[in-house]
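Q: Before we start, here is the structure in question, set down as structure tokens.
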Amino acid sequence: MESYRGNCHCGSFRFALDAAPITKATECSCSLCYQKGYLWNEVPEDSKFEVTRDDGKLDTYSSSAMEHKFCKACGTGVFGTHKSGPLQGKRLVNVRTILDLNPFKFSDPDVMTTDEAARPVPPITGPVKHVGSCHCGKTTVEILAPISEQEIKEDNCSSCVRSAWMGIYLPRKLVRYHGKENTTDYAATSRGWTRMPFCPTCGVHLFMDVRGPPREIIDRIPAERKAEVVAIVVKNMSTASINVRCFPEVNIAELTVERTDEGTEGYELKD
């Protein structure tokens with residue numbers, strides 16, 4: 001048996017788990033699991049599982065196939081229970097929340113299929129190439145460029161690994177948001193320059209915002225480096241980052257994804 005600790009990104013919910021060594025995980029093809037990028041590990045009823053902190057932030061959302069619990073402060077999905085299929089009734093914990101586990105190092109996951117009606121593909125008209133949404137549909141995004149022609153990136157930093165972020169990066173003029181005001185903002189980094197909003201109803205992350213560094217930080221950069229840094233900041237702040245998991249017609253298994261295995265070094269909870 002191995003002892004593991006896990007938590008949502010903000011640390012409002014934390015747990016300890018004694019389990020057999022976790023070297024792989026299970027994926028499910030239902031729409032909610034797909035959008036959240038869940039990697040599941042079953043927690044048997046007789047296993048040692050202890051909640052070590054609970055600030056009352058976990059919320060529940062149900063699709064036709066699954067009920068999951070996610071943190072309403074940071075959007076991290078923690079638990080899930082399926083209503084049908086081979087995972088039905090099993091107590092599942094999201095492996096992405098467990099510290100010191102790197103999903104990039106896992107062997108190919110087992111893929112389970114849950115009975116569920118196909119998620120509808122929104123109508124696409126005019127210059128729009130793709131329309132995506134969170135699971136409940138309160139926030140949508142349109143992009144005016146084919147995903148097949150974009151670089152798609154994934155890394156395993158502490159926030160991206162928990163949100164299963166798989167991003168495309170487009171000029172803001174090629175992206176249209178609808179219902180953006182319905183999302184909950186979350187600072188994904190300690191300085192708050194990178195924001196990862198999510199839907200507070202269903203817990204799905206659609207986009208990322210870069211809002212810094214602020215002018216007072218840039219003014220302190222040495223003159224010989226300032227032009228280079230400013231160019232990077234301008235590019236980042238004029239770029240829209242969208243999670244490709246929000247587009248129902250896109251099969252990420254068919255995409256070429258550039259992975260950066262940078263890990264979670266430096267990630268620490270405040271208390």
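Q: With G56, G80 as the choices, which residue is exposed (fewer than 14 other Cβ atoms within 10 Å of the Cβ) and under 26 Å from R14 (Cα atoms)? Explain how you work it out, then say what you get.
A: Values: G80 fails: exposed (fewer than 14 other Cβ atoms within 10 Å of the Cβ).
Exactly one of G56, G80 is exposed (fewer than 14 other Cβ atoms within 10 Å of the Cβ) and under 26 Å from R14 (Cα atoms), namely G56.
Q: Let me ask something else about it. Run R53 past the list (1) part of a strand (DSSP E or B); (2) in contact with a helix residue (DSSP H, G or I) (Cβ under 8 Å, 6 or more places away or on another chain) and report the number of the one that doesn't hold.
A: Condition not satisfied by R53: (2).
Q: Where the second residue is in a helix (DSSP H, G or I) and the first is under 15 Å from E249 (Cα atoms) and lies in the range 31-43, which pairs have Cβ atoms under 6 Å and are six or more apart or on separate chains?
A: Filtered contacts from the range 31-43: Q35/R245.
Q: Looking at (1) closer than 26 Å to E151 by Cβ; (2) modelled with pLDDT under 75, can you tell me which one D219 breaks?
A: Checking D219 against (1) closer than 26 Å to E151 by Cβ; (2) modelled with pLDDT under 75, the one that fails is (1).
Q: Suppose we keep only residues that are β-branched (V, I, T) and closer than 30 Å to S31 by Cβ within the range 228-263. Which one would you say is surrounded by the fewest Cβ atoms within 10 Å (Cβ to Cβ)?
A: The selected residue is T256.
Q: Same structure again: With respect to G89, determine if the residue is of a type in the set (G, A, S) and either under 23 Å from A187 (Cα atoms) or crowded, with 20+ Cβ neighbours inside 10 Å (or both).
A: Against the criterion (of a type in the set (G, A, S) and either under 23 Å from A187 (Cα atoms) or crowded, with 20+ Cβ neighbours inside 10 Å (or both)), G89 does not qualify.
Q: Return the only residue of R96, R91, R119 being of a type in the set (K, R) and not assigned by the TED database to the domain that holds C10.
A: R119
Q: Additional query: Give me the residue from the range 104-134 that is of a type outside the set (D, E) and touching a Cys at 6+ places or on another chain (Cβ under 7 Å) and, out of that set, surrounded by the fewest Cβ atoms within 10 Å (Cβ to Cβ). Please lay out each step first, then the result.
A: Initial filter on the range 104-134 (of a type outside the set (D, E)): 104-107, 109, 111-114, 117-134.
In the following step, the residues that additionally are touching a Cys at 6+ places or on another chain (Cβ under 7 Å) were identified as 112, 114, 132-134.
Numbers: M112: 17, T114: 21, G132: 25, S133: 24, C134: 24.
Among those residues, the one meeting the criterion is M112.
The values are calculated or read from the model by the stated rules, or taken from the named source; none is laboratory data. No experiment lies behind these values; they were computed from the predicted model shown. No Cβ is skipped: glycine too gets one built from the backbone with ideal geometry, and neighbour counts run over all protein chains shown.
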